[in-house]
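Participant: Here it is: the structure, laid out below.
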Amino acid sequence: LAKTTQPISMDSYEGQEVNITCSHNNIATNDYITWYQQFPSQGPRFIIQGYKTKVTNEVASLFIPADRKSSTLSLPRVSLSDTAVYYCLVGVLGSNDYKLSFGAGTTVTVRA
Amino acid sequence: GAVVSQHPSWVICKSGTSVKIECRSLDFQATTMFWYRQFPKQSLMLMATSNEGSKATYEQGVEKDKFLINHASLTLSTLTVTSAHPEDSSFYICSARVLGQGAGYTFGSGTRLTVV
């Protein structure tokens, strides 16, 4: 399984853009990059998934460079409710031999 | 989308007793489910993987006789913490693998277990 490295924490203010970079130097050819969000005392929630270049949905964008050794989750115009832990995971989701394993995650704190 | 319902959301039990946590897939069949434990301010730690109709696979260091997992149907997996002790107090989360379109993983809302 490809190991991921993220910053432990990030602080931001309401209305700002938050960018969280995840390093995954050992990513395999078939691996996808997926980000989850977790609020206190809740299960993780899927945010976005990508394989290469850029993916955008209604809540975030995911930028993946050509070498795929890192990825950046971008949260536009954050609000207080975006305060959470964000996890970057790498693997072939849904495959029989893949176990969803979480790293330390990044605690994002949004202040007013 | 695929929804996993986890119950109870919180439970308090006495030391030495057993507690069962249920995880149900509501609108899909979950052939594989995962159980995690999360201590305060820590990440999720995978405890075991359960496959419908077969024995669960436990991660290293997880006592299979203490954390009994049953996945008897395609929509239900249960985790029973046997002879609970205060150190078992934690946040337990289940997850189900979703196949097909939109493949990925969906998580339950978690169960806060407090052993007194």
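Participant: Residues that are away from chain B (no Cβ under 14 Å): which strands (runs of 3 or more DSSP E) entirely in the range A:43-84 hold 2 or more of them?
Facilitator: Qualifying strands (runs of 3 or more DSSP E): A:53-56, A:61-64, A:70-75.
Participant: Taking the stated definitions as given, is A:ALA112 touching a residue at least 40 places away in the same chain (Cβ under 8 Å), over 22 Å from B:LEU46 (Cβ atoms), surrounded by fewer than 20 Cβ atoms within 10 Å (Cβ to Cβ) and touching a Leu at 6+ places or on another chain (Cβ under 8 Å)?
Facilitator: Here the answer is yes, as A:ALA112 does meet what is asked.
Participant: Then there is this: Only one residue in B:GLU63, B:GLU22, B:GLU59 is of a type in the set (Asp, Glu), within 10 Å of chain A (Cβ to nearest Cβ) and either surrounded by fewer than 16 Cβ atoms within 10 Å (Cβ to Cβ) or in contact (Cβ under 8 Å) with a residue 12 or more places away in the chain (or both). Which one?
Facilitator: Sole residue among the options that is of a type in the set (Asp, Glu), within 10 Å of chain A (Cβ to nearest Cβ) and either surrounded by fewer than 16 Cβ atoms within 10 Å (Cβ to Cβ) or in contact (Cβ under 8 Å) with a residue 12 or more places away in the chain (or both): B:GLU59.
Participant: Here's another thing I want to ask about it. Please go through (1) under 30 Å from B:GLU59 (Cα atoms); (2) more than 9 Å from chain B (Cβ to nearest Cβ); (3) hydroxyl-bearing (Ser, Thr, Tyr); (4) not in a strand (DSSP E or B) for A:SER101 and return the number of the only condition it doesn't satisfy.
Facilitator: (2)
Participant: A further question follows. Could you list all residues from the range B:28-56 that are out of contact with any Asp or Glu (no Cβ under 9 Å at 6 or more places or on another chain), away from chain A (no Cβ under 11 Å) and of a type in the set (A, V, I, L, M)?
Facilitator: Within the range B:28-56, just B:ALA56 meets the criteria.
Participant: Let me ask something else about it. Out of the residues in the range B:1-29 that are assigned to a loop (DSSP other than H, G, I, E, B) and β-branched (Val, Ile, Thr), state the one that is modelled with the highest pLDDT. Steps first, please.
Facilitator: Initially, the range B:1-29 is screened for residues assigned to a loop (DSSP other than H, G, I, E, B), giving B:1-3, B:8-9, B:14-18, B:26-29.
In the following step, the residues that additionally are β-branched (Val, Ile, Thr) were identified as B:3, B:17.
Working: B:VAL3: 90, B:THR17: 97.
For the range B:1-29, the residue satisfying everything is B:THR17.
Participant: Another question, if that's okay. Can you find a residue in the range A:2-21 that is within 14 Å of the chain's Cα centre (by Cα), part of a strand (DSSP E or B) and free of Cβ contacts under 8 Å to residues at least 60 places away in the same chain?
Facilitator: yes
Participant: Next question. Hey, does the range A:17-28 have a residue that's modelled with pLDDT under 95 and of a type in the set (D, E, K, R)?
Facilitator: Looking for residues that are modelled with pLDDT under 95 and of a type in the set (D, E, K, R), one finds none in the range A:17-28, hence no.
The values are calculated or read from the model by the stated rules, or taken from the named source; none is laboratory data. Note that the structure is predicted; figures quoted are calculated from it, not measured. Note that each Cβ is placed from the backbone with ideal geometry, even for glycine, and that neighbours are counted across all protein chains shown.
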